[in-house]
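A short write-up of the structure that comes next.
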């Protein structure tokens with residue numbers, strides 16, 4: 001997230017209204033926890049909620065439950081130069097928040113606020129840290145300095161150790177409401193039918209739908225979206241399927257294969273799920289989840305070799321009618 005040129009006011013997204021009211025009530029009543037873990041799906045706007053709350057906490061004259069956008073604190077946070085605010089995310093091409101970044105955050109947490117009465121620290125996504133980084137974060141979580149707030153953005157709760165979760169108040173964000181997403185997306189597309197198409201393609205993830213619209217990437221994403229199914233019904237070879245993800249990074253490839261396997265599992269009957277091949281589909285899904293966690297923690301496998309190996313395994317264990325002709329016929333009509 002680029003924090004160097006923000007609008008004057010940062011409101012939450014429309015589908016976060018209920019959670020936002022609760023956070024405002026906690027703040028007004030003096031009950032906002034010093035450590036908050038926001039648990040929400042990727043591309044659902046979890047980081048946006050963290051940013052809205054951060055700017056509200058830093059604002060000197062908050063109005064109507066939002067940062068005012070006019071005080072000096074808001075001017076500084078809009079330009080990314082507020083001295084009491086730290087937003088920590090993977091740097092450069094890295095997908096990992098490194099331990100040195102967390103150590104610097106720990107040092108910052110012990111300092112006195114220089115511009116107001118509060119300091120705010122955000123880690124996004126927190127589940128991209130490794131064990132050493134999580135351990136380094138324990139000190140400010142266990143011994144919070146007065147007026148210091150730590151916000152953790154999380155997309156995969158299972159990757160966050162229990163020692164961290166137990167020291168935070170967890171706010172689980174619901175799946176965004178489709179109608180609110182469409183109304184919001186209409187401002188980008190200008191066309192409800194296009195908004196519906198993009199939101200469906202993005203499987204209900206509004207920020208991904210917006211990204212596909214902004215980059216004209218819908219066609220390529222759709223081809224990849226059906227790539228796994230096309231492979232399983234014999235309409236693509238393994239090399240052809242691998243080529244679909246030539247321009248995607250390792251994490252994006254794994255995310256999309258994970259989604260493809262989940263769609264496949266969701267379409268199976270109880271009998272198919274309990275079959276040998278159904279169990280193989282569950283096993284492959286679990287394997288992809290482990291790979292996602294490894295990549296999030298800093299592993300850097302060769303994407304080409306990984307894609308070839310994983311898609312070959314999918315084809316070998318699930319393709320060529322292995323999951324029963326009726327299910328393959330059904331998905332085959334759509335690819």
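The values are calculated or read from the model by the stated rules, or taken from the named source; none is laboratory data. All of these numbers come straight from a predicted model, not from anything done at the bench. Here the Cβ is made from the backbone with ideal geometry for all residues, glycine too, and neighbour counts use every protein chain on show.
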Matching entry among 217, 190, 204 (being within 15 Å of residue 41 (Cβ to Cβ) and free of Cβ contacts under 8 Å to residues at least 40 places away in the same chain):
204
Within region 267-280, can one find any residue that is under 27 Å from residue 123 (Cα atoms), in the same structural domain as residue 225 (by TED's automatic domain parsing) and either buried (at least 17 other Cβ atoms within 10 Å of the Cβ) or modelled with pLDDT under 90 (or both)?
no
Failed condition for residue 62, given (1) within 30 Å of residue 158 (Cβ to Cβ); (2) free of Cβ contacts under 8 Å to residues at least 24 places away in the same chain:
(1)
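Results for (1) modelled with pLDDT of 95 or more; (2) closer than 29 Å to residue 91 by Cα; (3) not assigned by TED's automatic domain parsing to the domain that holds residue 255, shown as yes or no for each residue.
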| position | (1), (2), (3) |
| --- | --- |
| 6 | yes, yes, yes |
| 22 | yes, no, yes |
| 25 | yes, no, yes |
| 31 | yes, no, yes |
| 41 | no, yes, yes |
Within region 220-252, restricting to residues that are without any contact (Cβ under 8 Å) to a residue 60 or more places away in the chain, crowded, with 17+ Cβ neighbours inside 10 Å and outside any helix (DSSP H, G or I), the one that is nearest to the chain's Cα centre (by Cα) is 248
List the strands (runs of 3 or more DSSP E) inside region 95-184, counting only whole elements, that have at least 2 residues being in contact (Cβ under 8 Å) with a residue 12 or more places away in the chain and buried (at least 18 other Cβ atoms within 10 Å of the Cβ).
119-123, 148-154
Within region 1-49, track down each residue that is in a helix (DSSP H, G or I), surrounded by fewer than 20 Cβ atoms within 10 Å (Cβ to Cβ) and under 16 Å from the mean Cα position of the chain (by Cα).
48
Filtered residues of region 109-128 (kept if farther than 30 Å from residue 292 by Cα and in contact with a helix residue (DSSP H, G or I) (Cβ under 9 Å, 6 or more places away or on another chain)):
109, 110, 115, 116, 118, 119
Criterion (over 30 Å from residue 312 (Cβ atoms) and under 19 Å from the mean Cα position of the chain (by Cα)) met by exactly one of 185, 212, 201:
185
Region 50-68 - residue that is outside any helix (DSSP H, G or I) and touching a helix residue (DSSP H, G or I) at 6+ places or on another chain (Cβ under 8 Å) and, of those, farthest from residue 168 (Cα to Cα):
68
